[in-house]
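The values are calculated or read from the model by the stated rules, or taken from the named source; none is laboratory data. Everything numeric in this text was worked out from a predicted model, so none of it was measured. Don't worry about glycine lacking a Cβ; one is built from the backbone with ideal geometry, like all the others, and counts go over all protein chains shown. The accessibility values were calculated without ligands, DNA or RNA, using every heavy atom of the protein model including side chains. Shrake-Rupley method; radii C 1.70, N 1.55, O 1.52, S 1.80 Å.
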Amino acid sequence: MATKKQPPPSGVARNNNKKTESLETYRSDATNQALTTNQGVKIADNQNTLRAGDRGPSLLEDFIMREKITHFDHERIPERIVHARGSAAHGVFKVYESQAELTKAGFLQDPSKETPVYVRFSTVQGSRGSADTVRDVRGFAVKFYTDEGNFDLVGNNMPVFFIQDAIKFPDFVHAVKPEPHNEMPQGASAHDTFWDFVSLVPESAHMVLWTMSDRAIPKSLRTMEGFGIHTFRFINAQGKGRFVKFHWRPTIGSASLLWDEAQKLAGKDSDYHRRDLWEAIDNGDYPEWELGVQIVEEEDEHKFDFDLLDPTKIIPEELVPLKMIGKLTLNRNPDNFFAETEQVAFCPGHIVPGIDFTNDPLLQGRLFSYTDTQISRLGGPNFHEIPINRPIAPLHNGQRDAMHRQTIDKGQASYEPNSIDGGWPKETDPAAAGGGFESYTERVEGSKIRVRSPSFADHYSQATLFWNSMTEPEKEHIVGAYSFELSKVERKNIRERQLGILANIDETLAARVADNLGLPVPKKNAGAEELGKSSVTDSPALSIVAKAKPSVKTRKVAILAAKGADAASIKAVKDALAAEGAHAKVISPTLGSPAQGVEADATILGMPSIMFDGVIVAGGKESAKALAQSGDARHFVLEAFKHLKAIGAIGDGEDVLAAAHLPSSEEGVSVGGDAAKVIKSFIEAMSKHRVWSRAQKAESVPA
Ligand code: HDE
């Protein structure tokens, strides 16, 4: 593994904001401090239990040993039932210009104002220790510590969901989690219970297609888009309401892994995403996202061919464009994983004046679930007092006591109205500046009934839109993903039933997957098209490849070098990449120095090619000879070729490609004695992220 730069000690020369400063009260630094018990008693011997004689029994009297072990016994809290595996960071949000026209939310008014945030990314199915790169939806949860209280935008990296009604959530989660009899597989949907459920619940068709796409295996948490999914409301100071969908767009663009990379990374570095986020922030490559909104006027609520309240639908950007209103920057790693990332408690019901809910039946259920789950996960109703969850806005009310209460409330009256404490704390008029939260007035009329609105019935047309909007490589990956997952399903009737759903989305998709499964190609269900039709038939905004931004910023390059490598070629590569904001690591068969003044950062086995965006073989005869003879080195370049990465070889470095039988005339492969020229075309190839034109040829590469 690469030598690690130590993060700066807590609180010293790190990015601060109002929230991280407020955490100072709780941070503890043991430098130059004596070891003590939890009661502050200094400990003289932390090596030996108190015993009767040097070979005698331990004594119950030993309060030091008992306290230490009792605390240890209780170190774990229940992990989240979903989204257990997560990584998070501190940052800030700034609006570009006042959004007063749309909302009175205080944090969206003033472009000079920085609102502190804490953002947690997660996978859904796996447990806390599961691998980062599994095929899964990613959580994208943002806690804004606004001056008017906390606003939690608890979203995902896909804009739709599997189900339309909250009452189905436990069924869905039971189906996707490891199977109950043998707790397998971990962090994977490729098993019978998941496909049994989704093949019986056609409203999942659209979202399942997203999870079979490249979106479910992001290259990095930094290259993921984020979505609030549900339609929310904005309300301005005049009381005018509008519908709003929230989007996060990474400024470095989106990119995904290939399935083969994702699977290998799960074993070679199961913390791949967590490490990437941590290192990027540590290096000062602060991840950024723009906040985009799609606004729909109230009078337009029913003008679409789908229901705005249906969380299995997007609003195509061709119908309502995105308006970018601000930027989120993550600029500080947490000090303590448990205290911050594990204990942070999100809730879609944490909302501020100027934003409100809609009647989306999935959102309505979520408003109840999150507070309830924190009570069991974090041990009681005072989880808002845990430092990471405390708002920076002052809070006062009549809520008292309960487990782990920390606030020492003064005064006699814990009720309202009261005359004893002068009536305080008092309500605030919603019309006043900085006024109290007021729910948006909406007239609701109807029978008390358990029913799904007929406007939620079309389960296929937006899935078809998504499929049609993919580029050919993305389609290929989707076919591969369905084929892989369904091939792992043991029951043939489930595979056949899912193929029926695919036929309703697109018959070619169904035929391609059926072919791989050795099953007959099903026909589209006669009634499927009558359920609805999408007015938009192609949306380039849905494709990651189509809208990729050419850039090498923050990308990682391996410089392959063995003993006797040419130091000048290594330096030239490093300098050229640094100038473009990319990072290079020298990878060698062993640690040590492959060239004069050059230290290897990692070994070929410690940091395989799947951890890089491109590979350059350094010049130098002796180095090239050693690498050409090494199976691991040849595998390194072959694997990079298979994964459609940019490859370069300087001078004699070309011999390594030749030994691996890689033609140097291929697109995205640059060789030659002129280091500057090789690096230039290498950078150009890497800026496109992958060499898609190589896909077919790459299949025959045995790596
Ligand atoms: Fe969640 N979800 N969810 N969810 N969810 C949780 O809350 C739930 C849904 C999402 O980083 C839990 O604190 C229900 C949609 C994220 O801490 C739990 C329903 C979306 C996170 C819960 C949904 C999400 C959670 C588990 C259907 C995208 C991680 C631990 C009505 C918009 C937050 C916890 C973090 C976490 C319930 C559906 C996103 C059990 C009942 C839709 C990002 O309360």
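Sub-7 Å Cβ pairs linking a first residue in the stretch 314-334 that is farther than 23 Å from Ser98 by Cα and assigned to a strand (DSSP E or B) to a second residue that is at pLDDT below 95 and open to solvent by 20 Å² or more (accessible area, probe 1.4 Å), at least 6 apart or interchain, are Arg332/Arg14, ordered by first then second residue. Could you please let me know if Phe151 is near the ligand (Cβ under 9 Å from one of its atoms) and either at pLDDT 95 or above or touching a strand residue (DSSP E or B) at 6+ places or on another chain (Cβ under 6 Å) (or both)? No, not satisfied. Put simply, of Gly155, Gly187 the only residue that is in contact with a Phe, Trp or Tyr (Cβ under 6 Å, 6 or more places away or on another chain) and either within 30 Å of Gly434 (Cβ to Cβ) or touching a residue at least 60 places away in the same chain (Cβ under 8 Å) (or both) is Gly155. Residues that are more than 10 Å from the ligand (Cβ to nearest atom) and either part of a strand (DSSP E or B) or surrounded by 22 or more Cβ atoms within 10 Å (Cβ to Cβ) (or both) within the stretch 124-147 comprise Gln125, Gly126, Ala131, Asp132, Thr133, Val134, Arg135, Asp136, Phe144, Tyr145, Thr146, listed in sequence order.
Can you say whether Leu319 is of a type in the set (A, V, I, L, M), out of contact with any Lys or Arg (no Cβ under 8 Å at 6 or more places or on another chain) and more than 11 Å from the ligand (Cβ to nearest atom), as far as the supplied structure shows? For Leu319, the condition - of a type in the set (A, V, I, L, M), out of contact with any Lys or Arg (no Cβ under 8 Å at 6 or more places or on another chain) and more than 11 Å from the ligand (Cβ to nearest atom) - is met. Just so you know, in the stretch 78-101 the residues that are among the aliphatic types (A, V, I, L, M) and near the ligand (Cβ under 9 Å from one of its atoms) include one that is most open to solvent (accessible area, probe 1.4 Å), and it is Ile81.
Every residue, every condition in (1) among the hydroxyl-bearing types (Ser, Thr, Tyr); (2) within 11 Å of the ligand (Cβ to nearest atom), yes or no:
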site: Ile355; (1), (2): no, no
site: Arg366; (1), (2): no, yes
site: Thr373; (1), (2): yes, yes
site: Gly379; (1), (2): no, no
site: Asn397; (1), (2): no, no
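Regarding the stretch 425-441, can at least one residue be identified that is of a type in the set (A, V, I, L, M) and modelled with pLDDT of 95 or more? So far as the stretch 425-441 goes, no, none of its residues is of a type in the set (A, V, I, L, M) and modelled with pLDDT of 95 or more.
Here is a yes/no grid of residues against (1) in the same structural domain as Asp285 (by the TED database); (2) within 16 Å of the ligand (Cβ to nearest atom); (3) under 25 Å from Ala546 (Cβ atoms):
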position: Phe169; (1), (2), (3): no, yes, no
position: Val176; (1), (2), (3): no, yes, no
position: His181; (1), (2), (3): no, no, no
position: Val198; (1), (2), (3): no, yes, no
position: Ile229; (1), (2), (3): yes, yes, yes
position: Asn236; (1), (2), (3): yes, no, no
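Where helices (runs of 4 or more DSSP H) fall entirely within the stretch 600-675, those with at least 1 residues that are open to solvent by 30 Å² or more (accessible area, probe 1.4 Å) and under 13 Å from Ser588 (Cα atoms) are at 621-629, 631-642.
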